[in-house]
Amino acid sequence: RLQSELEYGITDRLELGLYLQYKVDPGAPMAFDGTKQRLRYRFAESGEWPIDVALYGEIVEKPDELEFEERLILSRRFGKLRAIANIRFEQELEHFEAEEMEHVFFPSFGLTHELSPQLHLGAEYWMRTVLAHEEEGTSSAADEFNEKPHHFVGPALLANFGKLWWTNGAYYRLDHTSRAVQLGDEYGHVVVRSVVGVDL
């Protein structure tokens, strides 16, 4: 997947994000996969509250799916160490048919340490599971596997060059480790994420 994002600070605490996303299916060229719009609001400046709190809401329009996403974002600094939790829920409306809506729970937790202002090293855990499943036998084996709880953990690295920053994460799946990857699996044994940002 390839995703481009433009972030704009509406106020000091309210941020707008606009996305264009693309995907590559096996054996196919890269194709447009929809747009996203999101708002993120933080309730106070970092360190004012015992735990920093923010709310996040997003709408995703894909060619064959409409998604709604809500997050509660919690963070706390301990000197150069920072702990972060994202409690995330999604509602996925496939083919815009209400009876096929899926409810997804997608929490993540991370720790990051500031080795220097330019380099931050961390570790992250995330999990994804579908809370409301279709009846057995109504979906493919890959879809049924994708709906199961999947747990990932791995290191993360942020390199900050001022106006330019680069963050990377590599995650190993902790469940179904002996299962061979099949066509249609949403996640393999290893997932890699890389983000490049430019401050305009």
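The values are calculated or read from the model by the stated rules, or taken from the named source; none is laboratory data. Keep in mind that this is a model prediction, so the values were computed, not measured. Glycine also receives a Cβ, built like all others from the backbone with ideal geometry; neighbour counts cover every protein chain displayed. For accessibility, only protein heavy atoms count, side chains too; no ligands or nucleic acids. Shrake-Rupley method; radii C 1.70, N 1.55, O 1.52, S 1.80 Å.
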### Query
Quick one: which of Val53, Val104 is closer than 30 Å to Asp143 by Cα, aliphatic (A, V, I, L, M) and assigned to a strand (DSSP E or B)?
Val104
### Message
Please count how many residues of segment 20-50 are on the phi < 0 side of the Ramachandran plot and part of a strand (DSSP E or B).
### Response
15
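Take the residues of segment 159-173 that are in contact (Cβ under 8 Å) with a residue 24 or more places away in the chain and within 24 Å of Tyr125 (Cβ to Cβ): which is most open to solvent (accessible area, probe 1.4 Å)?
Within segment 159-173, the match that is most open to solvent (accessible area, probe 1.4 Å) is Trp166.
Every residue, every condition in (1) within 21 Å of the chain's Cα centre (by Cα); (2) not in a strand (DSSP E or B), yes or no:
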residue	(1), (2)
Asn146	yes, yes
His151	yes, no
Tyr172	yes, no
Ala180	no, yes
### Task
Provide a single number: the residues in segment 1-43 that are open to solvent by 70 Å² or more (accessible area, probe 1.4 Å), within 17 Å of the chain's Cα centre (by Cα) and among the hydrophobic types (A, V, I, L, M, F, W, C).
5
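Which members of segment 56-73 meet the condition of being surrounded by fewer than 15 Cβ atoms within 10 Å (Cβ to Cβ) and either assigned to a strand (DSSP E or B) or among the β-branched types (Val, Ile, Thr) (or both)? If you could, list the steps in order and put the result at the bottom.
Here is the first cut: in segment 56-73, the ones surrounded by fewer than 15 Cβ atoms within 10 Å (Cβ to Cβ) are 57, 59, 61, 63-64, 68, 70, 72.
Passing the criteria: Gly57, Ile59, Glu61, Phe68, Glu70, Leu72.
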### Message
Show the residue pairs meeting these rules: Cβ distance below 7 Å; 6+ apart or different chains; first residue within segment 127-155 and under 25 Å from Ser194 (Cα atoms); second residue open to solvent by 60 Å² or more (accessible area, probe 1.4 Å) and at pLDDT below 90.
### Response
Asn146/Glu186; Glu147/His133
### Query
Using beta carbons and a limit of 6 Å, which pairs, at least six apart or on different chains, have the first residue in segment 35-54 and at pLDDT 95 or above and charged (D, E, K, R) and the second one open to solvent by 40 Å² or more (accessible area, probe 1.4 Å) and not in a strand (DSSP E or B)?
Arg42/Arg13; Asp52/Ser46
